[in-house]
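One structure below.
The values are calculated or read from the model by the stated rules, or taken from the named source; none is laboratory data. Predicted model only: the values in this text are computed from it and were never measured. Cβ sites come from the backbone with ideal geometry, for glycine too, and all protein chains shown count toward neighbours. What goes into the accessible areas is simple: the full protein's heavy atoms, side chains included, and nothing from ligands, DNA or RNA. Shrake-Rupley method; radii C 1.70, N 1.55, O 1.52, S 1.80 Å.
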Amino acid sequence: MKTKLFTLLLLGAFTLTLSGCKKKAGPLSCAADTLRYSEDITSFIANQTKGNCEAVKGSIDKLYRSCTTLAVTDKADYEEFQNEFNCNDYN
């Protein structure tokens, strides 16, 4: 599980580097949401609580909205991870 989380963290950083963002929201919004996702996933890895889990899922949703050019494979990986991530498993 930690390997998959770390892989997605790296994928998020890579996506930030290569993705374009909505003109409306601007590249700073995309960058900020990617950074927030990285922080949330790092917090979750360090302390696996329901609140941290929900923060990660919320970060993924914000990432979808602000970064419009996520590669199809990247988006599929995030969606698969988000769907498998059951926050009810944590206290």
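Among the residues that make up segment 55-68, is at least one of them modelled with pLDDT under 80, outside any helix (DSSP H, G or I) and open to solvent by 10 Å² or more (accessible area, probe 1.4 Å)? Within segment 55-68, one or more residues are modelled with pLDDT under 80, outside any helix (DSSP H, G or I) and open to solvent by 10 Å² or more (accessible area, probe 1.4 Å). Selection of first residues in segment 41-70 that are among the charged types (D, E, K, R) and of second residues that are open to solvent by less than 30 Å² (accessible area, probe 1.4 Å) and not in a helix (DSSP H, G or I), restricted to Cβ pairs under 8 Å at least 6 apart or on distinct chains, gives the following pairs, ordered by first then second residue: Lys57/Phe85. Would segment 26-45 turn up any residue that is open to solvent by less than 60 Å² (accessible area, probe 1.4 Å), modelled with pLDDT under 85 and not in a helix (DSSP H, G or I)? The answer is yes, given that some residue of segment 26-45 is open to solvent by less than 60 Å² (accessible area, probe 1.4 Å), modelled with pLDDT under 85 and not in a helix (DSSP H, G or I).
With respect to Lys50, is the statement that it is modelled with pLDDT of 85 or more, open to solvent by 30 Å² or more (accessible area, probe 1.4 Å), closer than 17 Å to Phe81 by Cα and under 9 Å from the mean Cα position of the chain (by Cα) true? So Lys50 does not fit the description; no. Looking at Leu16, Leu5, which one is open to solvent by less than 60 Å² (accessible area, probe 1.4 Å), modelled with pLDDT under 90 and either within 18 Å of Phe81 (Cβ to Cβ) or touching a Cys at 6+ places or on another chain (Cβ under 7 Å) (or both)? Exactly one of Leu16, Leu5 is open to solvent by less than 60 Å² (accessible area, probe 1.4 Å), modelled with pLDDT under 90 and either within 18 Å of Phe81 (Cβ to Cβ) or touching a Cys at 6+ places or on another chain (Cβ under 7 Å) (or both), namely Leu5.
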